[in-house]
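The values are calculated or read from the model by the stated rules, or taken from the named source; none is laboratory data. This is a predicted model, so every value here is computed, not measured. Using ideal geometry, Cβ is built from the backbone for each residue, glycine included, and neighbour counts are taken over all protein chains shown. The accessibility values were calculated without ligands, DNA or RNA, using every heavy atom of the protein model including side chains. Shrake-Rupley method; radii C 1.70, N 1.55, O 1.52, S 1.80 Å.
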2 protein chains.
Amino acid sequence: MGSLQQHSTSPVSPISISAAAMGASDRPAISNDHPLVINLDHGDPTMYEKFWKKAGDEATLVISGWETMSYFSNKDNVCWFLERGFEEEVRRLHEFVGNAVVDGKHIIVGTGSTQLFQAALFALSDPNSDQPANVVSSVPYYSVYPVATDYLKSRLYQWAGDVEKYQGEGSYIELVCSPNNPDGLSKQAVLSSENGKGKTIHDLAYYWPQYTAITAAADHDIMLFTISKTTGHAGIRIGWALVKDDEVARKMIKFIEMNTIGVSKDSQIRAARILSVVRNSHDNSKIVHSVEESFFHYARRTMTERWDRLNEAIKSSNGAFILADFPSQHCNFSDEIIESHPAFAWMKCEKEGIDDFYGFLKKHNILTRGGEHFGVEKKYVRISMLDRDPMFDIFINRMSIIH
Amino acid sequence: MGSLQQHSTSPVSPISISAAAMGASDRPAISNDHPLVINLDHGDPTMYEKFWKKAGDEATLVISGWETMSYFSNKDNVCWFLERGFEEEVRRLHEFVGNAVVDGKHIIVGTGSTQLFQAALFALSDPNSDQPANVVSSVPYYSVYPVATDYLKSRLYQWAGDVEKYQGEGSYIELVCSPNNPDGLSKQAVLSSENGKGKTIHDLAYYWPQYTAITAAADHDIMLFTISKTTGHAGIRIGWALVKDDEVARKMIKFIEMNTIGVSKDSQIRAARILSVVRNSHDNSKIVHSVEESFFHYARRTMTERWDRLNEAIKSSNGAFILADFPSQHCNFSDEIIESHPAFAWMKCEKEGIDDFYGFLKKHNILTRGGEHFGVEKKYVRISMLDRDPMFDIFINRMSIIH
């Protein structure tokens, strides 16, 4: 249930041309009313390729055959597999954007934030306890959380579902995803940590200025980020955690050591290069000449345009398809009052007789992820807003026709 | 116990200069009798940097900012995160070396073979069984096996130790490492798989011509390899599995999806480049001009020289330090009769009054890994033979003096 790879390895009728197979800039050579299947199930952030194609050589990485051979990046750091250059760029970017406090925090790199999520569960669990820690989150929750918690049937932790319904004894770990995947809303921890039994993991993958207003520098015990949703580089599999406590950091590092003996150095070095271009694109003195606008300006403008088009498109449904309203807030980064434009559209179907919204859209050759994977009704679906332009265009055209 | 990172994050007195900090070609600016600590605990394959520095541009990889952005490598492959170029190079290299049968096998890429080992445990376990599968191996076994099996306290599988002592009921998974880490000997499965309860994982990380004679193309159900020990590129974290059964392959892929949502594309593309240079270095028509000899010739020559020096050095111990004798065998790859020259020296101390060989060598500022991590007595230690020349030189000089 709710895994990343729901559909893509099984051929999807009637025409299984994927966005990836088409390439970034190719328009499909078929009209919009042709039954091309568009797959918006995954949050594959290929929308961003457009920016990076313009960035040209500034973002290019060259690695010689003899580089990155050792297991070790920095034997003097408790996180011995963390590349110094990557750590520096992560700290600089957070300080520049103002979305998280980095001072006094450990930076831990992971093979995507999914690995770091599991590292955090491991670090927050008590290996000497008779009972697994209960892992909870408020609905709708990210569909990967229950799967990644339970697939190894660990005695350290177990999925316990909706935090609001949680009545369990013993220790728990609360997952707080903010802005939330799938619904884009800001979230706060529900259960208090005051009794000493509860711990929280803050998944801040989407707390970047293209998706939401940066209202404060987040300062939680464990905060997870990923380059996938920051710059669009999902394929390099790099995430990072900001961690306050020394012992928790040490255990998370131990997990990654036992799980994969560290994290690809090549990916870290590449991520550092990409993050430096993001920052430089905002710096007049180090202007990246090949791009016409700064990274977050480009990304925010694109998200705004896409959300405007989606809101316009579903007007024709006369209230059958509903999107959430987001409050407007002051963004410290842009110094403007802005509305959220999440990476996913969380859409509800109010149409009579349609209980399975996923199935309904599938008949129209739009693949989404159904509400049941997020702990709620099938009247909801999550739709990626981050695919390439040709796919997004078809999606919008189709949504403006479907009733 | 027996983890990769036993020492390196804690400062090692009296002088904690690491090989990595010194750089590949720097000789330590201190004499051999100075108490520099040399760390031969890990099998960090930095010896190979010398070859790759000579390879120059042929092995250099250039990646543009817009490449490798999608999660997906190949949506038509059941292993949707496998880069085609990497798969092709893996198949070509095995066919060239003749060490494994690739026809009709799935290739699954992993974040190092450690992740693939865990993926295989997951795939071979029965999620509906009341009892975890027992994971066994013959002693001395690779120190990471028990740790990587048990760290999450899974109900799917559990470490059960020495296969020779195994009396358990229920299902089991036998790990066969050949040539074996730590002792370099060829191994075969001990328990029969005929009763349908037993399954095997063959870890063939060291089944390459620089370490041992290639006597046949291995053709087992699950075979694990890693670029770390093939070419020396540990830091790029790439391993691969050759898998016969469709369902086992599908489950292993599912594990990697849930564990890290695929494997770094950058690392795969780089690995493909490196493997192609290895093959081309043996091909007269595509000669790699910058290197003076083919890769496996270089690697075998270096290993032979190192083992000759070590055997010579310990002669002065008058039988206090003992290394295994290896049988000479015909190597199909080189068409010569050759002796094994393993990546690790597995040394026994026969000196009276010395029960803790690790502790004894540590006093001489040589860090190794003690026998207890491999399921045997403390009279044994495992010593990496793959460190850079300056470290290896000090090691040899020191071993020729110690009694």
Can we say A:VAL263 is modelled with pLDDT of 95 or more, assigned to a helix (DSSP H, G or I), open to solvent by less than 10 Å² (accessible area, probe 1.4 Å) and within 30 Å of B:PHE81 (Cα to Cα)?
-> no
Being under 22 Å from B:PHE295 (Cβ atoms) and either in contact with a Phe, Trp or Tyr (Cβ under 6 Å, 6 or more places away or on another chain) or open to solvent by less than 20 Å² (accessible area, probe 1.4 Å) (or both), is that true of even one residue in region B:64-80?
-> no
Run B:VAL291 past the list (1) part of a loop (DSSP other than H, G, I, E, B); (2) under 26 Å from B:TYR380 (Cβ atoms); (3) β-branched (Val, Ile, Thr); (4) within 25 Å of the chain's Cα centre (by Cα) and report the number of the one that doesn't hold.
-> (2)
When the residues of region B:147-156 are filtered to those that are at the interface with chain A (Cβ under 9 Å from one of its Cβ atoms) and farther than 15 Å from A:PRO132 by Cβ, which remaining residue is surrounded by the fewest Cβ atoms within 10 Å (Cβ to Cβ)?
-> B:VAL147
Picking from A:VAL278, A:VAL263, A:VAL243, A:VAL291, which residue would you name as being in contact (Cβ under 8 Å) with a residue 40 or more places away in the chain and away from every other protein chain (no Cβ under 13 Å)?
-> A:VAL243
Looking at (1) closer than 21 Å to B:LYS229 by Cβ; (2) part of a helix (DSSP H, G or I); (3) in contact (Cβ under 8 Å) with a residue 60 or more places away in the chain, which is the only condition B:GLU87 fails?
-> (3)
From the options A:ILE402, A:ILE354, residue that is in contact with a helix residue (DSSP H, G or I) (Cβ under 6 Å, 6 or more places away or on another chain) and either in contact (Cβ under 8 Å) with a residue 24 or more places away in the chain or under 18 Å from A:TYR207 (Cβ atoms) (or both) | A:ILE354
Qualifying positions in region A:321-375 - among the hydrophobic types (A, V, I, L, M, F, W, C) and assigned to a helix (DSSP H, G or I) | A:PHE357, A:PHE360, A:LEU361, A:PHE374
Would you pick out the residues in region A:246-260 that are of a type outside the set (Gly, Ala, Ser), open to solvent by less than 10 Å² (accessible area, probe 1.4 Å) and more than 9 Å from every other protein chain (Cβ to nearest Cβ)?
-> A:MET252, A:ILE256
If we keep only residues of region B:51-63 that are facing another protein chain (nearest Cβ under 7 Å) and hydrophobic (A, V, I, L, M, F, W, C), then the residue most open to solvent (accessible area, probe 1.4 Å) is B:VAL62
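Any residue at all in region A:221-232 that is hydrophobic (A, V, I, L, M, F, W, C), open to solvent by 10 Å² or more (accessible area, probe 1.4 Å) and closer than 21 Å to A:TYR145 by Cα?
Going through region A:221-232, the residues hydrophobic (A, V, I, L, M, F, W, C) turn out to be A:222-225, A:227.
Checking the rest, the ones that are also open to solvent by 10 Å² or more (accessible area, probe 1.4 Å) come to none.
No: zero hits.
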For B:SER143, state whether it is surrounded by fewer than 23 Cβ atoms within 10 Å (Cβ to Cβ), among the small types (Gly, Ala, Ser) and either within 14 Å of chain A (Cβ to nearest Cβ) or in contact with a helix residue (DSSP H, G or I) (Cβ under 7 Å, 6 or more places away or on another chain) (or both).
-> no
Subset tally (residues that are at pLDDT 50 or above, open to solvent by 30 Å² or more (accessible area, probe 1.4 Å) and of a type in the set (D, E, K, R)) for region A:21-50 | 2
When residues of region A:84-137 are limited to those that are of a type in the set (Val, Ile, Thr) and surrounded by fewer than 23 Cβ atoms within 10 Å (Cβ to Cβ), the one farthest from A:ALA271 (Cα to Cα) | A:VAL101
Could you say which residue among B:ASP393, B:ASP387 is surrounded by fewer than 21 Cβ atoms within 10 Å (Cβ to Cβ) and more than 19 Å from B:LEU185 (Cα to Cα)?
-> B:ASP393
